[in-house]
Each structure stands twice: as C-alpha cells, then as structure tokens.
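Some notes on the structure that comes next.
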4 protein chains.
Amino acid sequence: MPKSPVRPERSAAAGGAKSKDPLAVVRRVMAGDRWAAAAGARLVEVREGYARTTLRLRDDHLNGVEVAQGGAIFTLADYAFAAASNSHGTVAVALDTSMTFVRAATKGVLTAEAREESLTRRTSVCNVRVTDAGGKVVALFRGTAFRKDDPLDAVLAARGKARQRGPREGAVAAPRRTGTR
Amino acid sequence: MPKSPVRPERSAAAGGAKSKDPLAVVRRVMAGDRWAAAAGARLVEVREGYARTTLRLRDDHLNGVEVAQGGAIFTLADYAFAAASNSHGTVAVALDTSMTFVRAATKGVLTAEAREESLTRRTSVCNVRVTDAGGKVVALFRGTAFRKDDPLDAVLAARGKARQRGPREGAVAAPRRTGTR
Amino acid sequence: MPKSPVRPERSAAAGGAKSKDPLAVVRRVMAGDRWAAAAGARLVEVREGYARTTLRLRDDHLNGVEVAQGGAIFTLADYAFAAASNSHGTVAVALDTSMTFVRAATKGVLTAEAREESLTRRTSVCNVRVTDAGGKVVALFRGTAFRKDDPLDAVLAARGKARQRGPREGAVAAPRRTGTR
Amino acid sequence: MPKSPVRPERSAAAGGAKSKDPLAVVRRVMAGDRWAAAAGARLVEVREGYARTTLRLRDDHLNGVEVAQGGAIFTLADYAFAAASNSHGTVAVALDTSMTFVRAATKGVLTAEAREESLTRRTSVCNVRVTDAGGKVVALFRGTAFRKDDPLDAVLAARGKARQRGPREGAVAAPRRTGTR
C-alpha cells in the first residue's frame, strides 16, 4: 500500500485558520482517514445526521473466492457512520457495530448511506445501507457512537501536532481523542 | 496498494494434486484473500473450530485522529472468523457480524482469536477477541456463518479458473461460491 | 400468568378450511404466540415486508429500577420482526438480532415498526424502530431471518395437532417447524 | 400475570441498614426485576464480572409454533448480563446487545452464563451463553453496558421511595437511575 500522500488539509490544520462550519471540520477530519483512503473509500456527502460514501471495487478488495471481503465493505460503511456521527461539531467514537451481509459484491461502485436514527446527549445511532451500482442491498449496518464533549476542531489541531512529530509518537501522546475511530 | 503477488497455491489449485487435509485446504483458500493481504493480516494458526490471525499496525491503518480505523480491526477479526468457519471442509459464508470497540489501538501487533461456540448443520457461530500486544482487549466480535454443502476444495478449483480468466470476469461467472466472504 | 385463552384460529387450524391469503395466515400464526400475549404485545398491522406491534407498559414490565426491562422491549420488537419476516407465505426463523437501547421507557404505549430492508431466497433482514407515545425512539433493532421452503399454513396444521396432544409433546415431535421462533 | 409479591428487600431498602457488600446490593437490585420474575428467570449466582441465571420453560414462553419465543430467551440472557454488569458496585445500563439464535428450545431448564470480557472506566462488555438442560447452546448474546458513576445502593434507596409513591409516579421522577434497564 502506498504511503498516504500529503493532504492539503493537514498543513491547514497545523497552521491555518479554522473554519467554524462543523461540516467543513468533519470533512477535514474524515479526509485524514488513511485506512479509508487506502481502501479507496470517498466521502461524497455529509450533513447533520447523514453521510454518503462510495468505493469502487478493485481486485485487492476481493477475498479467496473472488468476492469483496467483509472488511472492505465494513470500512466503507464505518466511514459513512463516522462522518454522520461527527457531523454535530463534537467528537463521537464508535462503540458498537453490527453488520448483515446480504449479497456478495464483486465489482462496480458500492455506496454507503448513513442516517442517524437517534441522537441523545451521550449516544447516537446510525443505520447504514450499502448498495451496489444497481441499487441492490449488499449489506446493512448499525452503529452506536459515544458522544464526547470535545469540540471536533480540537481534533484537527491535535492531529496537526501529532503528524509533525510523526504519527506513532503523536498517537501515543493523544490516544483518547478518537474522533472517528 | 501493490498488485497481489503470484501465489504458489494458485497454480497448485489450478493444476495440481489437491490435498485431502481440510486444514491445508482452508489455509490455501485463506491465502487467496487479497484484502487481508493488503491489510497485512496473517493467518497464524487454524484448526477445527479455531483460528488465530495477527496484524502489525501501520500508519496507513490509522484514521483521522491517529488511531486504528474500525475497518482495519474488522478485517483482522473477520479473517480469523472466516478461517475458523471454513475449517470443517465445506464452504461457510459470513451472514451476520457484530463488533464492540473497547479500546483505541495505535501501534504494535494485534491478535484475533476466533473460537467456534456453536456448530449446527446450517450455521456456525464464532466469538473473536482482538487483543493488543499487552493482551488487553481491543475489540470483541461475533459472527454467524451460513454453511453450504459445497466442499471447500471446489473453491480452489473454481478460483484457479477464475484467475486465469481475470478476476472480474471470473467473479461474475461464479458469484455464489463465496467461501469466506 | 394466566393460561392462554382458547383462540378461534386454533380450532380453525385443526379442522377447518385454510385461507389462501398469506396475511391471514401470518396473523393466525402470530396470534398463537403465547409469550407475546403474556407480555401484552399486539399485532396491529401486517403486510408484505412490514408489521407494526404495540405494547402498553405495565408495572410487571419494569425492572429493579422502575424502567422497562430490555426483555419486554425485545419481545415487542421481535414480535413485529417475526410478523414481517413471515409475511411472504413461507416460514422464516430468526437467526441473528441486535438491539440498541436508546432511551429508558417507563409507561404508556410503545410501538414497534418492522420494515424489511432485504429479501433474498434464503434470508430476509428487517429494521425495527421502537418508539414511545411521543414518537421518540426507545430502541433500534435489526433481525436476520432464515427463510425455509415450508409453506406457512403447514405451521397452523401442525400446531392444531400439537395442541390437541398438549404443547410439550407436540413441541418434541415438531421442533423444526419454528415459524416465528 | 400475577402482581409481583411484596419482597423483603424492598422494606429493607427503604428503611433498613444497607449492606456494603456490592454483591448483596446487586442481588437486591436484581430481585426487584418484575419482568424477569414474571418470566420465571432466577438469579442463581453472581460474582464480580460473572452471573448465572436459569429459567424453566413453560407453555406461556412458547410462540405460535410451539418453541420458546425469542423475547423469553432474551429476557433470561439480559438478566444475567445486567447482574454481571452491575457487580462492581456502580450502576451500569445496557446500551447495545446482539443475540444469535442457534437452536429451538421447547422445554426444560435453560441456563444463561454471563462473563465480562472487558471492563473500562465507561463501558463493560459481557458474552452470555444460553444452554439447554443437555448443555447444548441455544443462543449466544453479547451486551455492552455504559457505566455510570452512581453507586448501586443509591438505586435501592430511590426504589424504596419510588414504590412507596407507586411505581409509575416514581418512575417518572427518577427515569435516569436505570440500574439494570
């Protein structure tokens, strides 16, 4: 897997003016997800309580029997879940997830749509549907997030510093700011 | 992500003598999982109703806040689940999974241990524990697999043919032989 | 708990003409659910891929801290799930369920709405929302059912015979016809 | 369903000396669970991070096809989960649960064993196995609890007052002290 390229938001986070728009902040936090990037997952849309991600299936998403591996599909769904859960301006971390695999997928673009079904002070719950290019359901996911008091833009500031020091050391220093797991 | 290298088992599957040892077969099926390989997950041990996998965390497993992304951890757990579920000589496909994220992980080697808790004619259920290098629980997973009548070594034969034709076309021709999802 | 009263559908099932309307059949199968009846759960509406059930909270639904016990809420949700899953004329049995408890409920009428999100030859998946009288989400449920080939009205015929013999013996003789779990 | 009988622990909680033994407290909190009592579930053993409950199947646990309803089995498992989760002296509330139904059960005594697999400051996770009299697995459950700071014996004091006022009013006044959901 290639090293993640330099991303514009990184230097912005480290040095620049912070947007007060919570959706701009969540987009920047999500853009720093290197595992989603490695998987080829893209955040297409995010608004309060909603997010949509897509992933074009590649050969390296397949398992030993030529269908998309569960972990690749989970990565796509979890990415949408994280974006929707963090869309309110404070940090939310994944706590519980469940996923039902309905149909094998082998190629084409998969879409995951996360809709928040519940929002309380401490938790939020999203349903996520993963569909194939023909609109057929590939998998159904539900995730519960624990909502912290930390503002989301503090994550960007911490990340900027962490990446300046190198990710491993930064991660050790700040393991609790798990904005999107 | 690099192209998956040529694997010895592939040509063996296509042309060679097949082992009658079900564990040898499941190892070969699992070795063909390109998404697990891309994630760096390794199958360390498999026996009937049990499997253990490991993954050394890398920078590209991390998300926007410098901790391992849920999809990376799921990939590791699902890989152990698939190996244990397919350890009886017939094809098992993942149907339902649930995962609780207990602790953020940032570096070091994670281990997933899958133990089959139930085995009936049509379904099997595994609990999987993901622990960090210090033995602390990072995540807990449970998966239900649907058990087919197809012998597992038929998967290898089909895969050999599919990969000769190229994975996309092969996958279209044989989407139902989802040995490990 | 009182003994379940004699139900009209029982004698009809044992002796009478069977309706060919699958929804009439599912209503009769569901009416024979004595645990749902003991809990006070009612099937209010069922159509293909959809069901709605209600339950008025009573003191004996409460746990040690005066809120509705998880099992009472699960019973309501599972009853809606079973009705929706069996709405296609063949037997479906619950395989996997997950439930997130969002808000404590203490009194009033709870409603569970089950919507089928996926239907394949062998499985179906429903999302169920449990809401309180004010429309607030109390719990979110997802269930996967395994679909058998058995027609649903055969369940009624078997049940008629089983209850003539007494439920325990009948159950031993026919443990596989688990129409609704 | 009969009205729940007067329980000795109630007057003790309202008026008497409180035990400092956390297991004595959790037993008393669990003894106040009227839904578990209505279902016939009994708490047989509880120690830190572990609990065992039993339930003798009755006719009124059965569904329309003469097997134990999912909600009856869930009630048993959830009761063990609640006891184990509240065994540390502070209040824990159920957040997420998942349950796989492996085998239909029709009669005899079911046992649920809850083992805590993870305990952090804010959450705990239990696996629960439900087995029949022959030791065969009937269902597998996992639950995540959110751990509050409230001491568990405060629940007993609040409950004593609530039941003096009548349960509905008490519940309205104190819906947040959800010791066992």
Task: Where D:Gly143 falls short, out of the listed (1) surrounded by fewer than 21 Cβ atoms within 10 Å (Cβ to Cβ); (2) within 29 Å of D:Asp60 (Cα to Cα) - done: (1)
TODO: With respect to B:Ala154, determine if the residue is under 22 Å from D:Cys126 (Cα atoms) and open to solvent by 20 Å² or more (accessible area, probe 1.4 Å).
DONE: no
- [ ] State the number of residues belonging to region A:54-89 that are under 17 Å from A:Arg27 (Cα atoms) and touching a Lys or Arg at 6+ places or on another chain (Cβ under 6 Å).
- [x] 1
TODO: Those residues that are part of a helix (DSSP H, G or I) and farther than 30 Å from D:Leu152 by Cβ, I need them from region C:52-95; list them, please.
DONE: C:Tyr79, C:Ala80, C:Phe81, C:Ala82, C:Ala83, C:Ala84, C:Ser85
Task: Leading residue by the ranking (most open to solvent (accessible area, probe 1.4 Å)) among those in region C:36-89 that are without any contact (Cβ under 8 Å) to a residue 12 or more places away in the chain and facing chain D (nearest Cβ under 10 Å) - done: C:Asp59
- [ ] Could you tell me which numbered condition A:Thr100 fails, if it satisfies all but one of (1) open to solvent by less than 10 Å² (accessible area, probe 1.4 Å); (2) more than 7 Å from chain B (Cβ to nearest Cβ); (3) within 18 Å of A:Leu140 (Cα to Cα)?
- [x] (2)
Task: Tally, over region A:101-110, of residues that are in a strand (DSSP E or B) and either touching a Phe, Trp or Tyr at 6+ places or on another chain (Cβ under 7 Å) or under 27 Å from C:Phe146 (Cα atoms) (or both) - done: 2
TODO: Could you check A:Glu113 against (1) closer than 22 Å to C:Met99 by Cα; (2) in a helix (DSSP H, G or I); (3) of a type in the set (D, E, K, R) and say which number it fails?
DONE: (2)
Open item on the list: Take the residues in region C:105-122 that are farther than 20 Å from A:Arg142 by Cβ and surrounded by 15 or more Cβ atoms within 10 Å (Cβ to Cβ); name whichever of them is farthest from the other protein chains (Cβ to nearest Cβ).
Closed with: C:Lys107
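Give the residue that is most open to solvent (accessible area, probe 1.4 Å), with candidates limited to residues of region C:125-140 that are free of Cβ contacts under 8 Å to residues at least 40 places away in the same chain and in a strand (DSSP E or B). Lay out the reasoning, then the answer.
Step one: filter region C:125-140 for residues free of Cβ contacts under 8 Å to residues at least 40 places away in the same chain, giving C:125, C:127, C:129, C:131-137.
The next check asks that each one be in a strand (DSSP E or B); those that pass are C:125, C:127, C:129, C:131, C:137.
Values: C:Val125: 1, C:Asn127: 26, C:Arg129: 89, C:Thr131: 24, C:Val137: 10 Å².
Here the residue is C:Arg129.
Any idea which of B:Arg47, B:Arg34, B:Arg56 is more than 30 Å from D:Thr97 (Cβ to Cβ), in contact with a helix residue (DSSP H, G or I) (Cβ under 6 Å, 6 or more places away or on another chain) and of a type outside the set (A, V, I, L, M)?
Numbers: B:Arg47 fails: in contact with a helix residue (DSSP H, G or I) (Cβ under 6 Å, 6 or more places away or on another chain); B:Arg56 fails: in contact with a helix residue (DSSP H, G or I) (Cβ under 6 Å, 6 or more places away or on another chain).
That would be B:Arg34, the only listed residue that is more than 30 Å from D:Thr97 (Cβ to Cβ), in contact with a helix residue (DSSP H, G or I) (Cβ under 6 Å, 6 or more places away or on another chain) and of a type outside the set (A, V, I, L, M).
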Open item on the list: If A:Ala145 satisfies all but one of (1) more than 9 Å from every other protein chain (Cβ to nearest Cβ); (2) over 18 Å from A:Gly89 (Cβ atoms); (3) among the small types (Gly, Ala, Ser); (4) part of a strand (DSSP E or B), what's the number of the condition it fails?
Closed with: (2)
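The values are calculated or read from the model by the stated rules, or taken from the named source; none is laboratory data. These numbers come from a predicted model, not from an experiment. Heads up, the Cβs are rebuilt from the backbone with ideal geometry, glycines too, and the neighbour counts pull from every protein chain shown. Accessible surface areas use protein heavy atoms only, side chains included; no ligands, DNA or RNA. Shrake-Rupley method; radii C 1.70, N 1.55, O 1.52, S 1.80 Å.
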